[in-house]
Number of protein chains: 2
Amino acid sequence: MTSQDEGADGSEQGRGAARTRERGLHGRVLASLGPAITAGEYPPGTVLLTEELAARYEVSRTVAREAVRVLESMHLVESRRRVGVTVLPAEQWNVYDPQVITWRLAGADRGRQLRSLTVLRSAVEPVAARLAAEQATPEECAALTEHALGMVATSRGGQLDNYLVHDIDFHRAVLRASRNEMFARLGDVVAAVLTGRTQHDVMFSDPRQEAVTLHVQVAEAVRERDGARAERIMRTITEDAMAELDVLAP
Amino acid sequence: MTSQDEGADGSEQGRGAARTRERGLHGRVLASLGPAITAGEYPPGTVLLTEELAARYEVSRTVAREAVRVLESMHLVESRRRVGVTVLPAEQWNVYDPQVITWRLAGADRGRQLRSLTVLRSAVEPVAARLAAEQATPEECAALTEHALGMVATSRGGQLDNYLVHDIDFHRAVLRASRNEMFARLGDVVAAVLTGRTQHDVMFSDPRQEAVTLHVQVAEAVRERDGARAERIMRTITEDAMAELDVLAP
DNA sequence: CTATTGAATACGTGTGACCTTTGGGGTTGA
DNA sequence: TCAACCCCAAAGGTCACACGTATTCAATAG
């Protein structure tokens, strides 16, 4: 087998959102241009020339054009004849694109992005928990309980990494059990937020035991088909998350 | 090839009407391939060949590749060497992409899509209403009231089209006033859902007066900075929308 | 039966040319 | 003065062709 240089870039934390995709040259251009634009390095209205991009990244115009096409589909730029590639204002960005989210979380306004996503979580996850309680299969209930117990088991002794895995799996399972594709698709977003919180906010201490208990209670409520209770407890969890964010990043 | 525009085939007769603002040839390929894939015409795992696409749409491989790149950024397909362009399962689709939403709303599982989006609305809009009540500027409050009054004025006499415009403007204003970019970005989604409901479900009659009143009350609550009330009333509105959907499309 | 190796294949990339659109500036005329 | 008109250069859009390269599959040797 030939050399697989793929794993060389290191940092392979939780699978899913952090999957760096630099497939092809156009991917490399994207990996550089995307973060730059979302970080605001190019103010809205800035005009980039395809030829200039091709020269800067030492690729052919074809490759540069492919990158521009992708950026265009994310509404980060607009390509017009005789004008060039214009950077669009942030209001038009496709902020639900996982790639855009990743770029922004890695960039300058990481704080604002984290806040926006946490608010979104606070709206979606309680409703998802209620729907999960109403529709989850026994297998999904079991998985939910297992993930909650995993959180309990890793909540002490500085096993933050393992705790994070179970936390992510738990929320992902709730979203999937809601049987709503729009909710399920937010699993990656939640994973990114939780990962970001653990990495960024220097959680030196173990997670708060009340938070762990709340997760267990959500699993119980779902198992008992108590949608209202599941929703209520999940709302407490997300409100705690927002409060935590306010304390750590005012 | 010298005369590339409508040579002998002449299949471009609807050029004026079909000018769907699709920029460039790759846009036309997308406008055909995207709906086809999201409609399930190509089951997951189906392999499309770039060369084959180029031939089918009578474009160069370059153009076909650009279209594939965009589809790939939406996670509708995956392009791998030696194997071709593989259609991905629906679970991986970027269902928040406005383009994907449009395609799916125009296609076969329009019903399921409408239901998913309505559930999403029921989660997001009440929270957005609360945030709007807490943070809206006087100008935004005024605009909100104006849109609500517009709904009142057009709620009788079969002015459904005008009513729809005010309805959309109202919900869009609430989402924008929430000061959350993720919520604000759902304005288009809500607009699509409301439009779809009006067009599809044959609302022969005028909108229910209770619904109109609820909108006015939301505007009042926001103006009075009563977040809890705004959230509660908006929740009633979205629950009504879901109930309506259950009645009309069981 | 397993592992190695080789070839066919389809995407990936680069290049150079030409076409099409479009915005701007200069000209003309009322 | 100002409007309408026209012309042209600029930039993206499209194309065909060539070569690179990873990946799959099957034939082969151990």
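Go through (1) open to solvent by 30 Å² or more (accessible area, probe 1.4 Å); (2) in a helix (DSSP H, G or I) for B:Y163 and report which single condition fails.
B:Y163 satisfies every listed condition except (1).
Scan region A:109-130 and give yes if some residue there is in contact with a helix residue (DSSP H, G or I) (Cβ under 8 Å, 6 or more places away or on another chain), within 16 Å of DNA strand D (Cβ to nearest atom) and not hydrophobic (A, V, I, L, M, F, W, C), otherwise no.
Scanning region A:109-130, I find no residue that is in contact with a helix residue (DSSP H, G or I) (Cβ under 8 Å, 6 or more places away or on another chain), within 16 Å of DNA strand D (Cβ to nearest atom) and not hydrophobic (A, V, I, L, M, F, W, C), so the answer is no.
Could you give me the residue pairs with C-beta distances under 6 Å whose first residue belongs to region B:39-62 and is closer than 9 Å to B:V87 by Cβ, whose second residue is within 14 Å of DNA strand C (Cβ to nearest atom) wherever it lies, and which are 6+ apart or on separate chains?
Final answer for the pair search is B:Y42/B:V87; B:P44/B:V87; B:T46/B:V87; B:V47/B:G84; B:V47/B:T86; B:L48/B:V85.
A quick yes/no check of all residues on (1) closer than 21 Å to A:G187 by Cα; (2) without any contact (Cβ under 8 Å) to a residue 40 or more places away in the chain; (3) within 10 Å of chain B (Cβ to nearest Cβ):
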site	(1), (2), (3)
A:R80	no, yes, yes
A:P89	no, no, no
A:N94	yes, yes, yes
A:P98	yes, no, yes
A:L120	yes, no, yes
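How many residues, within region A:166-197, are outside any helix (DSSP H, G or I), aliphatic (A, V, I, L, M) and surrounded by fewer than 21 Cβ atoms within 10 Å (Cβ to Cβ)?
Of the residues in region A:166-197, 0 are outside any helix (DSSP H, G or I), aliphatic (A, V, I, L, M) and surrounded by fewer than 21 Cβ atoms within 10 Å (Cβ to Cβ).
Looking at (1) modelled with pLDDT of 95 or more; (2) surrounded by fewer than 20 Cβ atoms within 10 Å (Cβ to Cβ); (3) closer than 30 Å to A:F170 by Cβ, which is the one condition that is false for A:Y96?
(2)
Regarding B:L53, is this residue more than 13 Å from chain A (Cβ to nearest Cβ), within 16 Å of DNA strand D (Cβ to nearest atom) and touching a Phe, Trp or Tyr at 6+ places or on another chain (Cβ under 8 Å)?
no
Kindly establish whether B:A153 is open to solvent by less than 10 Å² (accessible area, probe 1.4 Å), more than 10 Å from chain A (Cβ to nearest Cβ) and more than 16 Å from the chain's Cα centre (by Cα).
no
Taking the stated definitions as given, is B:T62 under 22 Å from A:E78 (Cα atoms), within 11 Å of DNA strand C (Cβ to nearest atom) and either polar (S, T, N, Q) or in contact with a Pro (Cβ under 8 Å, 6 or more places away or on another chain) (or both)?
For B:T62, the condition - under 22 Å from A:E78 (Cα atoms), within 11 Å of DNA strand C (Cβ to nearest atom) and either polar (S, T, N, Q) or in contact with a Pro (Cβ under 8 Å, 6 or more places away or on another chain) (or both) - is met.
How many of the residues in region A:129-144 are open to solvent by less than 30 Å² (accessible area, probe 1.4 Å) and of a type outside the set (A, V, I, L, M)?
1
If I ask for residues that are part of a helix (DSSP H, G or I) and under 21 Å from the mean Cα position of the chain (by Cα), which ones from region B:198-223 would you list?
B:T198, B:Q199, B:H200
What number of residues in region A:41-73 are acidic (D, E), in contact with a helix residue (DSSP H, G or I) (Cβ under 8 Å, 6 or more places away or on another chain) and open to solvent by 50 Å² or more (accessible area, probe 1.4 Å)?
1
Go through region B:30-39 residue by residue and tally those that are out of contact with any Gly (no Cβ under 8 Å at 6 or more places or on another chain), more than 14 Å from DNA strand C (Cβ to nearest atom) and either modelled with pLDDT under 95 or within 14 Å of chain A (Cβ to nearest Cβ) (or both).
Residues that pass the stated criteria total 3.
The values are calculated or read from the model by the stated rules, or taken from the named source; none is laboratory data. Everything numeric in this text was worked out from a predicted model, so none of it was measured. Don't worry about glycine lacking a Cβ; one is built from the backbone with ideal geometry, like all the others, and counts go over all protein chains shown. Each accessible area value is taken on the protein alone, full model and side chains, heavy atoms only, with ligands, DNA and RNA left out. Shrake-Rupley method; radii C 1.70, N 1.55, O 1.52, S 1.80 Å.
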